[in-house]
């Protein structure tokens, strides 16, 4: 069964793109979760609807139309946070609401909801093309280079932004690059899990990794591992049982989180029992 | 004496209102300045402007360099009012937190034995050496604050900027904390800018008061602070409260050696000169 599953070209492309984008989201998500900016994925994914609707309306690629729209929106979030001095969640909420309402309006102009749009809303990993696979691979390579170059700066800025500034770390630039990476990741991820579930891919693997890891490096590694496991097993299960792949991937991530949480609690309980016995 | 901090005509506003207006002051090397004032008076904003964390109108210089071009961050130790994100799950050890303090000009230091030695020295100074391997987020707020002070000290800074650092500390830790600041100031000549509401405690040690209430109400020696008619006129009960605190601690700001240096007694000792309330 598995050899048959893996032999299909569309499955291979889906798994490759899904793996690349899931690892990208997991790694970015670690920093976003720790900086309490994880809802940015939710906000930007809503903005994707505007890009998709624009693409469907103008009969151009929704994917490519979404990239500038989401990049502009993420820039908007940063500017609102910086200039109007409001909290990140409120800035995300404003841009998210604007993106969603504009998207719905454009969808109406484009002739209402159709099969294409449903594919983007709920994900269609098995329709991923070669170009998208290369784009996801390029994004992963770019992100890995960024993380290698600025690893300790990113930890310092995630832990204590004002202090990082007083160490000469260019916190604003780091935040901007991080959010730009997130924007592109969100756009590339909407084919994998769908617009509605992108933020889960940014949040769940890092949160699960934080339950089991002891060091920052371990968090990054575990987040990537959980993300990969969810994509591979999610796509396989959706193939076998003919169920939606995006939702399966996210449900598996939730299951991993539950297991990690229970395991963590049991570990703490056993440790306490051992201490009491001593 | 050279200026460590120089502020000229500094103003700052959020969208709705001015938070600080036209502040000018010079902090000299070796000064121990207590920054005081009412809540919302702009004290924290002033420190943020000094550190370049906020941008205002006017001029800020650190060690004679304009703040936007300042890069010698090893000379500056900073401890903020609020503990950083510090969620229990942030996977970072106390040792790693303090090592961050050795990052200057965006260049991080590796955990070599020499650098770790400095980390352990700083942790010893704040009596937190036994916490070195613990996860930072697992510590109590008071312990976290002492670790963050170690991080501020690890680069052996010439200027310490502290924003209400003693709020989360218990009495023993507070005494230790202020004792350490005195030692750094007196023995090592470290310049200190300290925001505090604990006037009774810092009144014993500081050399200058900076009173901020949107504008610079007073900046000068603590002796002059008690005599300042501007302080009493402007601040009424708060000035009385502050000065009472100084007196009740038995540390007469006017140099009186008496143990019962309450303002009333004080006035009798010093006559008209002491008409500060």
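What follows is calculated from the coordinates using simple rules that are stated; it is not laboratory data. Quantities reported herein were computed from a predicted structural model and do not represent experimental measurements. Every residue, glycine as well, gets a Cβ built from its backbone with ideal geometry; the counts of neighbours run over all protein chains shown.
Please compute the average number of Cβ atoms from other chains found within 10 Å of each residue's Cβ in peptide B:61-67. Each step should come with its number before you reach the end.
On the way: counts 0, 0, 0, 0, 0, 0, 0.
If you average over the peptide's residues, the count of other-chain Cβ atoms is 0.
Overall, the ratio between the Cα radius of gyration of the range A:2-197 and 2.2 N^0.38 Å, rounded to two decimals, is 1.06.
The mean number of Cβ atoms from other chains found within 10 Å of a Cβ in peptide B:41-52 is 1, as a whole number.
Considering only DSSP beta bridges where both residues belong to the protein assembly as shown, give the percentage that are antiparallel (nearest 5).
Antiparallel: roughly 55 percent of the beta bridges in the protein assembly as shown.
Working note: Debye formula, equal point scatterers on the alpha-carbon atoms of the protein assembly as shown, no solvent; log10 I(q)/I(0) at q = 0.07, 0.12 Å⁻¹ is -0.52, -1.12. Note on residue B:81 and residue B:141: their simple-model spin labels are 1.4 nm apart, each label 7 Å out from Cα toward Cβ.
Inter-chain neighbour count for B:89-97: the average number of beta-carbon atoms from partner chains within 10 Å of each residue's beta-carbon is 6.
The range A:5-56 and the range A:124-162 have Cα centres spaced 11 Å apart. Taking all Cα pairs closer than 8 Å and separated by 6 or more residues, the relative contact order of chain A comes to 30 percent.
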